[in-house]
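Enquirer: Got a structure for you, written out below as structure tokens; questions coming shortly.
Where a number appears in this text, it was derived from the coordinates with a stated rule and is not lab data. Note that the structure is predicted; figures quoted are calculated from it, not measured.
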Amino acid sequence: MTNIGNMMKQAQLLQKKMNEAQEKLKSIEVEGISGGGMVKVKANAKGEIKKIDIDKSLMKEEEKDITEDLILAAINDAKAKAETAASDEMKNVTGGIPLPPGFKLPF
């Protein structure tokens, strides 16, 4: 019975650490950049977009399509960086133990 009790304590501790890590992901900021810095997107490691900065030169009607493409590229760049930051943080929590396939964080 001692082993089961220890396993339960470890599971509770891991759950607590996971919850703390989820909160920490909100404070980790990443920046996606496209167009040589003409479009910048800031997000947290949970993938929540926090800010979009667009260079004034792209605020012309004839630049609309390019601007839209650059925004998408910057968002995707920020998302990729957020996923990497989240993965790194979760590795810290799990002690490097790989998660099962399809087990994606943040939840």
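Enquirer: Return the label of the correct value of Cα Rg over 2.2 N^0.38 Å, as calculated from the structure shown, out of (1) 1.47; (2) 0.96; (3) 1.08.
Expert: Read-out from the structure maps to (1).
Enquirer: Mind pulling the angle between the C-alpha long axis of helix 64-94 and the longest principal axis of the chain? Nearest 10 degrees, somewhere in 0 to 90.
Expert: Roughly 20 degrees, rounded to the nearest 10.
Enquirer: Taking the Cα atoms only, what angle lies between the long axis of helix 2-25 and the longest principal axis of the chain, rounded to 10 degrees?
Expert: In the chain, helix 2-25 runs at an angle near 20 degrees to the longest axis.
Enquirer: Let me ask another. When the chain is modelled as a GNM with alpha-carbon springs shorter than 10 Å, which of ASP65, ASP53, ASP77 fluctuates the most?
Expert: ASP65
Enquirer: In a GNM of the chain with a 10 Å cut-off on Cα contacts, which of MET18, MET59, MET38 has the highest mean-square fluctuation?
Expert: Residue with maximal mean-square fluctuation among MET18, MET59, MET38: MET59.
Enquirer: Hey, which of these cross-link pairs are over 24 Å Cα-Cα: LYS24/LYS51; LYS9/LYS46; LYS24/LYS79; LYS26/LYS56; LYS16/LYS42?
Expert: LYS9/LYS46; LYS26/LYS56; LYS16/LYS42
Enquirer: Could you give each residue of region 52-58 its phi-based ³J(HN,Hα) in whole Hz, using Karplus coefficients 6.51, -1.76, 1.60 with θ = phi - 60°, and x for Gly or Pro?
Expert: Coupling constants for region 52-58: 10, 10, 10, 4, 4, 5, 8 Hz.
Enquirer: Would you pull out the residues with amide H under 5 Å of ILE28's amide H, same chain only if 5 or more places away, H placed 1.01 Å from N?
Expert: Result for ILE28 returns ALA45.
Enquirer: Okay, moving on. Multiply the residue gap between LYS91 and GLU68 by 0.36 nm, knock off their C-alpha separation, and tell me the result in nm, one decimal place.
Expert: Separation in residues times 0.36 nm, less the Cα-Cα distance, equals 4.8 nm.
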